[in-house]
């Protein structure tokens with residue numbers, strides 16, 4: 001029995017029937033991490049002792065559950081996972097991919113992480129990320145580059161590149177990520193995974209180190225829609241510690257046994273099929289849409305007329321919010337603190353030394369957009385256009401149930417391809433940004449490969465709080481296709 | 001939208017970032033390009049559009065003003081560069 005490459009669902013079954021123990025499974029994965037992580041650099045911090053501790057506790061509970069049918073356990077009990085290094089796990093260092101938090105050890109655990117730990121999941125470690133989630137390739141990490149397991153000369157995507165590489169290389173069956181501008185969906189696409197950006201407010205942001213507070217979401221990277229559903233059921237819900245978390249209940253995420261999509265109206269937005277997309281990406285995505293039609297869905301054209309403005313809107317709002325959120329890194333209460341004779345100097349030196357180039361760029365962009373004399377023209381205007389982008393979606397969802405679109409203009413690009421041109425890097429996000437601006441959920445899943453064997457992903461977007469529509473549709477697709485079952489061969 | 005060197009220095013000062021001359025020049029040209037791109041938004045007529053500060057329909061999420069358990073000073077001490085008598089020690093604010 002091949003225990004590497006298990007889905008959460010399969011692992012759960014084996015654990016609950018006693019065919020394997022959580023400790024066995026955890027040790028297997030830890031060995032594989034030992035072996036492959038030095039090259040892939042998916043993990044920044046591995047926590048073997050903590051993992052074994054949780055695994056042993058899980059095994060005790062699994063034993064109890066086998067003896068006593070009244071003892072209820074979560075399907076996640078005993079299953080190991082990786083956590084993006086932007087989410088706090090108490091007493092385990094959290095770097096956010098930055099030098100400024102190189103030695104920061106959080107005194108508390110993020111709510112989303114706490115929920116999966118309470119369910120009995122086993123924390124393997126913290127994964128690499130673009131610094132403070134700012135980037136689309138994980139190249140902006142102050143530490144190492146993470147390699148794409150499908151082609152180690154290429155990026156895994158970002159900012160949740162570490163989590164994506166970990167799951168793709170079977171260094172974890174599932175991982176938590178974050179998505180502020182596409183940072184779960186795009187790496188899922190580049191690494192052949194199924195990844196969700198939930199509705200804004202669906203999962204608590206408490207303990208998620210803030211980048212853009214009106215955009216940040218906690219997401220999941222997995223091999224299947226089924227696995228994503230299991231993690232969502234665990235993590236969703238209001239949290240008194242996050243005033244922006246919603247109490248709108250999670251719809252029933254039970255996935256049907258059949259792949260019949262009759263009655264489902266799928267919208268295809270013209271604005272997402274622009275020139276400049278890699279032809280194979282467009283071809284593969286359109287094929288997947290045809291597959292949905294074969295399963296009974298009705299395909300309709302929709303218009304999202306303000307799509308082209310999502311990029312400038314995002315690159316004003318997100319940096320503006322970031323400039324405020326990152327003001328706390330001042331070398332006084334935590335983080336890098338450089339010697340200085342007076343207070344201001346401490347700020348300048350610590351921040352100057354601790355932040356990388358992309359972070360500085362965005363802080364300055366945001367500071368400028370919010371500064372006196374420019375606020376209305378930049379930030380103010382961006383907020384208004386954001387309203388237009390959101391209402392595009394509200395309008396479209398009157399006619400269709402879900403919207404199908406590409407995730408990225410290309411498959412995984414090579415390292416260094418966009419190093420000299422930040423704007424070119426920003427253009428990687430054109431298809432993912434709108435969902436964050438509108439707050440709608442988005443689900444990425446693999447739909448094929450290009451000529452070079454690189455994964456191609458597609459996304460479904462849905463109305464606010466309708467993660468069920470996305471998961472059911474993707475699950476149906478995954479019942480009749482095998483893309484999500486492919487794993488890269490690693491030497 | 002071409003930013004001047006002085007404007008970039010001013011922004012860096014507001015953001016409390018110490019930058020080298022080389023950084024200032026590099027960011028000057030990169031930020032100018034990005035802001036040029038952002039100028040596309042000016043083409044849109046938003047005179048009757050309200051701004052979106054949050055995508056959620058917010059009710060009031062305020063709670064009663066009752067103290068709850070929170071971080072202890074032992075938690076805060078862990079990451080503090082300089083911590084004495086339950087306080088963060090800072091350099092002089094001004095001479």
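Summary table
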{"quantity": "In the range A:89-99, the residues that are assigned to a loop (DSSP other than H, G, I, E, B), crowded, with 21+ Cβ neighbours inside 10 Å and touching a helix residue (DSSP H, G or I) at 6+ places or on another chain (Cβ under 7 Å)", "calculated": "A:96, A:97, A:98"}
{"quantity": "Residues of the range A:415-444 that turn out to be more than 12 Å from chain B (Cβ to nearest Cβ) and over 26 Å from residue B:31 (Cβ atoms), as a count", "calculated": "3"}
{"quantity": "Criterion (in contact with a helix residue (DSSP H, G or I) (Cβ under 6 Å, 6 or more places away or on another chain), exposed (fewer than 12 other Cβ atoms within 10 Å of the Cβ) and either part of a loop (DSSP other than H, G, I, E, B) or touching a residue at least 24 places away in the same chain (Cβ under 8 Å) (or both)) met by exactly one of B:2, B:57", "calculated": "B:2"}
{"quantity": "Search result, residues across the range B:60-93 that are under 17 Å from residue A:340 (Cβ atoms) and at the interface with chain A (Cβ under 7 Å from one of its Cβ atoms)", "calculated": "B:80, B:81, B:88, B:90, B:91, B:92, B:93"}
{"quantity": "Those residues of the range A:100-139 which are away from every other protein chain (no Cβ under 14 Å), out of contact with any strand residue (DSSP E or B) (no Cβ under 6 Å at 6 or more places or on another chain) and in a loop (DSSP other than H, G, I, E, B), in sequence order", "calculated": "A:119, A:120, A:130, A:135, A:136, A:137, A:138, A:139"}
{"quantity": "The range B:6-26: number of residues that are out of contact with any helix residue (DSSP H, G or I) (no Cβ under 6 Å at 6 or more places or on another chain) and within 20 Å of residue A:420 (Cα to Cα)", "calculated": "6"}
{"quantity": "Any strands (runs of 3 or more DSSP E) falling wholly within the range A:155-272 and containing at least 1 residues that are under 13 Å from the mean Cα position of the chain (by Cα) and closer than 18 Å to residue A:9 by Cβ", "calculated": "A:175-178, A:194-197, A:218-222"}
{"quantity": "Elements of type helices (runs of 4 or more DSSP H) in the range A:307-392, at least 3 residues being modelled with pLDDT of 95 or more and within 15 Å of residue A:436 (Cβ to Cβ)", "calculated": "A:310-325"}
{"quantity": "Pair list, Cβ < 6 Å and 6+ apart or interchain, from the range B:32-45 residues that are at the interface with another protein chain (Cβ under 7 Å from one of its Cβ atoms) to residues that are assigned to a loop (DSSP other than H, G, I, E, B) and crowded, with 16+ Cβ neighbours inside 10 Å", "calculated": "none"}
{"quantity": "Residues that are within 7 Å of chain B (Cβ to nearest Cβ), farther than 10 Å from residue B:17 by Cβ and without any contact (Cβ under 8 Å) to a residue 12 or more places away in the chain, drawn from the range A:346-373", "calculated": "A:368, A:371"}
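The values are calculated or read from the model by the stated rules, or taken from the named source; none is laboratory data. Please read all numbers here as calculations on a predicted model, not as lab measurements. Cβ atoms come from the backbone with ideal geometry, glycine included; neighbour counts cover every protein chain shown.
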